[in-house]
Amino acid sequence: MSNEERVFVGLGANLGDAHATLAAAVQGLGALPQTQLVRLSPLYRSAPVDASGPDFVNAVAELRCMLEPEVLLEHLHALEEQHGRERAYLNAPRTLDLDLLLFGSRVLRTPTLTLPHPRLHQRAFVLLPLRVLAPGLQHPLLGDLDACAVAVAHQRLERLP
């Protein structure tokens, strides 16, 4: 692929069979047009942050993508809907959550998309898998993600076998 971007997508689920849903979502990511799944972080269990419901199963996927960010976001929303995602209220429990975390070093703010993801540096369940996949990765606005990880060390996060 030429003109591709290095993209990171956060995956999470806390309703239904979260492990099976994430496995299917990873297959869906790998099948997206003009997109290549590079690798997936280990799975983690985390308590909901600013939300209720059961614990989440989380991971981060690294992609190479030639789509524009908004087009990729549309595909991510379609995958969520295929897996029964409902947006009943803000931070509701969900069968599948796919968050576009980083799209190369792009900084973008539109009515439907903010890049980098505005809360990625505040979530251990995002930072730890990101740092496992891409040690030394730099946030386009905040710089070193290792420094951000210290601030979220109190958040419960368990690596799953």
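The values are calculated or read from the model by the stated rules, or taken from the named source; none is laboratory data. All values reported here derive from a predicted model rather than from experimental measurement. Note that each Cβ is placed from the backbone with ideal geometry, even for glycine, and that neighbours are counted across all protein chains shown. Side chains included, ligands, DNA and RNA excluded: accessible areas come from the protein's heavy atoms. Shrake-Rupley method; radii C 1.70, N 1.55, O 1.52, S 1.80 Å.
What residue among 16, 110, 46 has its Cα farthest toward the positive end of the dipole of the chain, where the charges are +1 on Lys, Arg and -1 on Asp, Glu, each on the Cβ?
46
Just the number please: accessible area per residue for the chain, 1.4 Å probe, all protein chains included, in Å².
Details: 7970 Å² over 161 residues.
I get 49 Å² per residue for the chain.
Per 0.36 nm of contour for each residue apart, how much would the distance between residue 20 and residue 81 grow if the chain were fully extended, relative to their Cα-Cα spacing? Don't jump to the answer; show the numbers that get you there.
On the way: separation 61, 0.36 × 61 = 21.96 nm, distance 1.54 nm.
Additional length available on full extension: 20.4 nm.
Within the accessible area of the chain, what % is carbon and sulfur when the probe is 1.4 Å and the other protein chains stay in place? Display every interim value, and only then the final one.
On the way: 4120 of 7970 Å².
Carbon and sulfur together cover 52 percent of it.
Sorting check: for 36-43, 98-105, 137-144, which peptide has the highest mean count of neighbouring beta carbons within 10 Å, and how do the rest follow?
Numbers: 36-43: 16.6, 98-105: 20.9, 137-144: 13.1.
Ranked from most to least packed, the peptides come out as 98-105, 36-43, 137-144.
Once the Cβ-Cβ distance between residue 47 and residue 149 is put in as r, and R0 is 25 Å, what FRET efficiency do you end up with, to the nearest 0.05? Display every interim value, and only then the final one.
Details: r = 17 Å, r/R0 = 0.68.
It comes to 0.90.
Here are a few candidate values for Kirkwood radius over Cα pairs in Å: (1) 19.3; (2) 16.7; (3) 15.8. Which one was actually calculated from the structure I just gave you?
Correct label, based on the coordinates given: (3).
With helices defined as uninterrupted DSSP H runs, which ones in the chain have an alpha carbon span along their own long axis of at least 15 Å and mean Kyte-Doolittle hydropathy of at least 0.5?
Values: long enough: 18-30 (18 Å, 0.97); 69-82 (20 Å, -0.31).
TM-like helix candidates: 18-30.
Name the trypsin sites (Lys or Arg not before Pro) in the range 65-161 that are in a loop by DSSP and that have at most 16 other C-beta atoms within 10 Å, would you? It would help to have the intermediate numbers written out before the result.
Values: sites: 85, 87, 94, 106, 109, 119, 123, 131, 156, 159; in loops: 85, 87, 94, 106, 119, 123, 156.
Passing sites in the range 65-161 are 87, 106, 119, 156.
So if we plug the beta-carbon distance of residue 70 and residue 31 into 1/(1 + (r/R0)^6) with R0 = 25 Å, what FRET efficiency do we get, rounded to 0.05?
On the way: r = 19 Å, r/R0 = 0.78.
That pair, residue 70 with residue 31, gives E of 0.80.
For the range 53-161, which GluC sites (Glu not before Pro) are both in a DSSP coil and crowded by at most 13 other Cβ atoms within 10 Å? Display every interim value, and only then the final one.
Details: sites: 62, 70, 74, 80, 81, 86, 158; in loops: 86.
Here the sparse-neighbourhood loop sites are 86.
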